[in-house]
Every structure is written in C-alpha cells, then in structure tokens.
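Comments concern the structure below.
Just so it is clear, none of the values below were taken in a lab; they were calculated from the coordinates. If you're wondering where the values come from, they're calculated on a predicted model, not measured in any experiment. As a convention, Cβ positions derive from the backbone with ideal geometry for all residues, glycine included, and neighbour counts pool all protein chains shown.
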Amino acid sequence: MADELFIDPSYYEYLNSLTPVDSSFRDYWLRAESQEILENALTSVGIFLSPTIHSSYDPVGVIERETGEFDNDGKPVLTTLSGWHANLRMTCGLSEHQKSVLDPFLIPKPNNPSRIWG
C-alpha cells in the first residue's frame, strides 16, 4: 500500500481562519513624501508589496492633472499633486495597529482617481 499523505486537521482550521467571511474589499488611498517611506511603513506592519490572498498594493507614483489651461502649442498644462501615491486593497481591512502606523499616509477617497481596481 502506498504511503498516504496525512495533513493535520488543525492546518485546515488555520487555512479557514485566513479566508475572509466577508468577501467585500476595503480600499485605501495613500500618499507619502516618497515611495521608500510609504513602502517601509507598509512592510513594517506586515503588508506585502506583492499580491497575496489578503491584499494588493498598487504603486501609483507621482500624479499629474490637467489644469484646464493650454500652453501656446495647444497642449494641456499639467500640475503635479504633492507626494507619492499608492492604492491598497485588502480583504479584511487594516488592523487597529496597522491603521495607527499608516494613519499619516491615509488620504480620503479621491473624487477622480488616477487608477481604479478592475
């Protein structure tokens, strides 16, 4: 008889605890002085910069917006928004500790976001 693979039932309990009961997402918009500052803050509270089952990080970067004016060549004049921007989508939301550390970087939902989740 071939060896059977035994998986401890507690492992399944652990996996189930990682699966969110609420399938809706929580989106966060972030801004910092630099990419390095923001990404250091995220990783310091256990948020991975690569997609996981629990979170997706979208580094937007510097954002430019049209001012509504045009230059002499007829091209739109752009203005640069302050800071370095990113989006974060989580399945379970931020913990209280994560919120407290990331609070200086959290900004309200933009009226006209540069990028949205698909």
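Scan the range 93-102 and give yes if some residue there is out of contact with any Phe, Trp or Tyr (no Cβ under 9 Å at 6 or more places or on another chain), touching a residue at least 12 places away in the same chain (Cβ under 8 Å), surrounded by 12 or more Cβ atoms within 10 Å (Cβ to Cβ) and farther than 23 Å from Ser24 by Cβ, otherwise no.
yes
Which condition does Asn87 not pass, out of (1) surrounded by 15 or more Cβ atoms within 10 Å (Cβ to Cβ); (2) part of a helix (DSSP H, G or I), if it passes all the others?
Of everything listed in (1) surrounded by 15 or more Cβ atoms within 10 Å (Cβ to Cβ); (2) part of a helix (DSSP H, G or I), Asn87 misses just condition (2).
Out of curiosity, is Ile107 in contact with a Phe, Trp or Tyr (Cβ under 6 Å, 6 or more places away or on another chain) and either without any contact (Cβ under 8 Å) to a residue 24 or more places away in the chain or not small (Gly, Ala, Ser) (or both)?
Against the criterion (in contact with a Phe, Trp or Tyr (Cβ under 6 Å, 6 or more places away or on another chain) and either without any contact (Cβ under 8 Å) to a residue 24 or more places away in the chain or not small (Gly, Ala, Ser) (or both)), Ile107 qualifies.
Looking only at the range 90-110, which residues are touching a strand residue (DSSP E or B) at 6+ places or on another chain (Cβ under 8 Å), over 15 Å from Leu38 (Cα atoms) and of a type outside the set (A, V, I, L, M, F, W, C)?
Thr91, Gly93, Pro108, Lys109, Pro110
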